[in-house]
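Structure first, commentary second.
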Amino acid sequence: MKITNVTIAGAGTLGSQIAWQTAFTGFNVTVYDAFEKALETARVYHRHYASLFLESRGATRDAIDQAMCRLSYTTDLEEALKDADIISESIPENIEVKRSFYQDAGKLAPEKTIFTTNSSTIIPSEIVTAVDRPGKFLALHFANDIWNANVAEVMGHPGTDTVIFEQVVEFACSIGMVPISIHKEHRGYVLNSLLIPLLSAAGNLYIHGVADFQSIDKTWMISTGSKMGPFGIMDIIGMQTIYDIEMLSGEKFNDKAMLARAEFFKSHFIDEGKLGVKSGEGFYKYPEPAYSDSGFLEPSHQ
């Protein structure tokens, strides 16, 4: 089957990025979210990405206009799935929410449709019993800022059809990603197995008063040459997702430190409306966070 029509389920920060990148590379994309407000935000993101691609990625006006024409938006799941060749799901990091989505999607999607989850910490085996086509279900996991961090991790479960697995690898290539084949199910894939310990360590240093978040970010940026530190990364991921990951893993493994971090992020950020880049403020204020200023790393600013 040739993949032409792509449905993105979940219009948050990363779902919106996946939708834009997929439309820009030539696919018809339907963005689905249960909430109209999320779709309105996705439209704002897409206008921003259009400007970004024009100004700094060498895109032509014609290419931008074509990408915009390939994007559609709906809160109607049946409409979103009616001719989908593949679904990329980026809904909240909650097993029961995801299982409910796949139960509904299975009743509405054509037989041809491949189901992929972009879950950060939930493995396919934990969801597959809610999927009506286990052989066509697997993980396709993206990193934030996907046109720069353009890896796409492909991870099946024991029942994933190998032909479908390879088709998803090819699809990842076709939207400009570098596919990373995961040979066995592993919570966190490769990327988050490396990233989450960094963010957890940074969170602990900050919460326990060892250093302020700017100093922690500076340490990481200067030492590694990275463009941002762990707190800038958290802002991009979004505080709600960070909270969900901490809560999910904390409850699953009875990890009191993770639960404490989750409560901290909720009370100090989520409850205050500081959700990260998407709300204009998290640890930093956007659209021009302090870490993007060339003076951020200068001694006079420390």
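The values are calculated or read from the model by the stated rules, or taken from the named source; none is laboratory data. The structure presented is a predicted model; accordingly, all values stated were derived computationally and were not measured. Positions of Cβ are generated from backbone atoms using ideal geometry, with glycine treated the same way; all protein chains shown enter the neighbour counts. The accessibility values were calculated without ligands, DNA or RNA, using every heavy atom of the protein model including side chains. Shrake-Rupley method; radii C 1.70, N 1.55, O 1.52, S 1.80 Å.
Of the beta bridges in segment 26-165, as assigned by DSSP with both residues counted there, near 25 percent are antiparallel. Backbone phi angles across segment 143-158, fed through the Karplus curve with coefficients 6.51, -1.76 and 1.60 (θ = phi - 60°), yield HN-Hα couplings of 9, 4, 6, 5, 6, 9, 8, 8, 9, 9, 8, 10, 9, x, 10, x Hz in residue order; Gly and Pro are listed as x. Note that the chain presents 47 Å² accessible area per residue, ligands and nucleic acids not counted, probe 1.4 Å. Can you list the trypsin sites (Lys or Arg not before Pro) in segment 216-302 that are in a DSSP coil and have 13 or fewer other beta carbons within 10 angstrom? Filter output for segment 216-302: Lys227. Here the sum of -39500 (n - 2.57) over DSSP H runs of 4 or more residues, divided by the residues of the chain, equals -14500 deg cm²/dmol at 222 nm, to the nearest 500. Here the relative contact order of segment 191-237, from alpha carbon pairs under 8 Å that lie six or more residues apart, stands at 31 percent.
In summary, the lysines within cross-link reach of Lys184, defined as a Cα separation below 22 angstrom excluding same-chain residues under 8 places away, comprise Lys98, Lys136, Lys252. Taking amide H as placed 1.01 Å from N in the peptide plane, the amide H of Ser181 sits under 5 Å from that of Val154, each at least 5 places away or on another chain. Using C-alpha pairs under 8 Å with a sequence gap of at least 6, the mean separation divided by the residue count of the chain gives a relative contact order of 13 percent.
Remark: the Cα gyration tensor places segment 1-69 in the oblate category, a/c being 1.5 or greater and a/b not exceeding b/c.
Under 1.5 on a/c is rounded, so check that first for segment 191-234, then, if it is not, pick prolate when a/b is larger than b/c and oblate when it is not; a ≥ b ≥ c are the square roots of the alpha carbon gyration tensor eigenvalues. Oblate, because a/c is 1.5 or more while a/b does not exceed b/c.
Placing +1 on the Cβ of every Lys and Arg and -1 on the Cβ of every Asp and Glu, with nothing else charged, gives segment 32-103 a dipole about its Cα centre of roughly 280 debye.
For the chain, with all protein chains in place and a probe radius of 1.4 Å, 54% of the accessible heavy-atom surface sits on carbon or sulfur.
Scanning residues 5 or more positions from Val31 or on other chains, those with amide H under 5 Å from its amide H are Ile8, Ser72, Tyr73, Thr74, with H placed 1.01 Å from N in the peptide plane.
Think of segment 168-242 as a dipole: +1 on every Lys or Arg Cβ, -1 on every Asp or Glu Cβ, centred on the Cα centre; then among His183, Gly229, Leu205, His183 lies furthest on the positive end. Taking the chain as the reference, fit the longest principal axis to its C-alpha atoms, fit the long axis of helix 36-56 to the helix C-alpha atoms, and give the angle between the two in degrees, 0 to 90, nearest 10. Its long axis makes an angle of about 70 degrees. Angle of helix 162-174 to the longest C-alpha principal axis of the chain, folded into 0 to 90 degrees and rounded to 10: 60°. Overall, segment 115-266 carries a charge dipole of about 200 debye about its Cα centre when +1 sits on the Cβ of Lys and Arg and -1 on the Cβ of Asp and Glu, all other atoms neutral. A simple charge model with +1 on the Cβ of Lys and Arg, -1 on the Cβ of Asp and Glu and nothing else charged puts the dipole of the chain at about 300 debye relative to its Cα centre. Pick from Thr129, Thr241, Thr116 the residue whose mean-square fluctuation is largest in a GNM of the chain, springs joining Cα atoms under 10 Å. Evaluated over the chain, the most mobile residue of the options is Thr129.
DSSP assigns beta bridges within the chain; of those with both partners inside it, close to 20 percent run antiparallel. Relative to the dominant Cα principal axis of the chain, helix 213-224 is inclined by about 70°. Rounded to the nearest 5, what % of the DSSP beta bridges within segment 92-186 are antiparallel ones? DSSP beta bridges in segment 92-186 are roughly 35 percent antiparallel. 3J(HN,Hα) couplings calculated from phi for segment 121-133 with the Karplus curve 6.51 cos²θ - 1.76 cosθ + 1.60 (θ = phi - 60°) are, in sequence order, 10, 8, 8, x, 4, 7, 10, 4, 5, 8, 9, 7, 9 Hz; Gly and Pro show x. Counting Lys and Arg as +1 and Asp and Glu as -1 over every other residue whose Cβ lies under 9 Å from the Cβ of Tyr102, the net charge comes to -1.
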